[in-house]
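Read-outs throughout are calculated quantities, based only on the coordinates presented, and are distinct from any laboratory measurement. Owing to the predicted nature of the structure, the values given are computational and were not obtained by experimental measurement. Counting neighbours? That spans all protein chains shown, and the Cβs are built from the backbone with ideal geometry, glycine included.
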Amino acid sequence: MWGSMTATPRFSPWIPPLLLLGSCAVTRVPPHAAASRFGSVHAADPAVASEYARILDEVGPVVARAVPGLVIEPVDLRVVNGISDTYHMETQGQFAGATFERGSDKWVELRSDLDPAARRGVLAHELVHRWLGPAWTSLPPAFEDGLADVIGDAIRGEDTPRDRMRSFVACWLTLNGTLTLDQNAAPIDPDEAKFAITFRADIQRLKPAEIVDTMGRDLVGYHSIDDPRRFAVVAVLSRRVMSHLSVDKLFELCQDAAAEGLVRVPVQRIFAAAGLDPLDVGMWNGLLLETYGLEEQRAFRQEVDVPWDLAKPGGIEGVSFHLQATVEF
């Protein structure tokens, strides 16, 4: 006997990763300033300016040591209510921070409502963007974001199991269309289990060739994706590639490309250095599964309200349950 039912669990809105922007913008300098060894901080509240100056003093040296080829210049950090939208990219979601350049003016904006636990990581991410020197010019923007994420993660500390779970589900569904889990919320083949829940989402699937194309684009092309979920997935996958590649090796690839007169490092070189086949969806799935363990499975069961208890021992003999559910994110 085969049972079937429909459920519609809902995830909280998934905020895309941090973005790098650069174009013409209206300069907004909050009124209160505080000095830092690495520049100055402006905020609407003097106490906030002082707090972020302290964080900049702590995070700056760590970023400076972590990445070769940086150009350490004084930072103009502005803590603002909303990040300037220089590319008119409202569809990309709420930015946590961004780095800007307009002629000789360069500055960093961070949102004033950031969770205290996230501030160090967000600032570290933006400092990587701000300080990358000419030796990194050939790095594709998608991998610049990946590099900044890796440094930000190292300074902030690991994401929570819930954060990793939500990122895993969003990426898996975008790549595969469906996600089938057993009673423990572990991925399975639906034909190999008596109890399974298959989740779907209303989002166009992202093919491996599209991932490769997007990761190799220039800045404008990289930010031309109008679906914030797909943009966020590419950003997460760039970070996963970076987990298999050292910062020093990536720097070496950039230097080699520049010596050859290339505008950007061919993305295939980056994948080859990481030992990855980017056209194999199974490879991408494997990278995602590295982030989805027992803690993340427990977080999924707590987040999604479906009848997991149907799989408990003592159920109806000979009955199999295959539930269909929709995930909104």
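Tell me the mean residue ellipticity at 222 nm calculated for the chain from its helices only (DSSP H runs of n ≥ 4, each -39500 (n - 2.57), averaged over every residue, nearest 500). Walk me through the intermediate numbers first.
Working: 11 runs with 133 residues, N = 329.
When only DSSP H runs of four or more count, the value is -12500 deg cm²/dmol.
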| Rg to Rh, two decimals, where the range 195-251 supplies the alpha carbon set and Rh follows Kirkwood | 1.07
| task | Give me the compactness ratio for the chain, meaning the Cα radius of gyration over 2.2 N^0.38 Å. | result | 1.09
| request: Would you kindly state how much longer the chain becomes between Lys194 and Arg65 on full extension, computed as 0.36 nm times their sequence separation minus their alpha carbon distance, in nm to one decimal? | output: 41.2 nm
| task | Give me the percent of DSSP beta bridges within the chain that run antiparallel, rounded to the nearest 5. | result | 45
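Could you put Leu175, Leu77 in order, starting from the residue whose Cβ has the fewest other Cβ atoms within 10 Å?
Details: Leu175 19, Leu77 27.
The fewest-first ordering by Cβ neighbours comes to Leu175, Leu77.
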| task | Give a residue-ordered list of calculated ³J(HN,Hα) values for the range 202-212 (Karplus: 6.51 cos²θ - 1.76 cosθ + 1.60, θ = phi - 60°; whole Hz; x for Gly, Pro). | result | 7, 8, 5, 5, 9, 7, x, 4, 5, 4, 4
| remark: Among beta bridges assigned by DSSP with both residues in the range 160-326, the antiparallel ones amount in percent, to the nearest 5, to 45
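How large is the convex hull of the C-alpha atoms of the range 61-180 per residue, in Å³?
Values: hull volume 16.8 nm³, N = 120.
Normalising the Cα hull of the range 61-180 by residue number yields 140 Å³.
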| task | Treat each spin label as a single point 7 Å out from the Cα along the C-beta direction, and report the Ala118 to Leu262 distance in nm. | result | 3.5
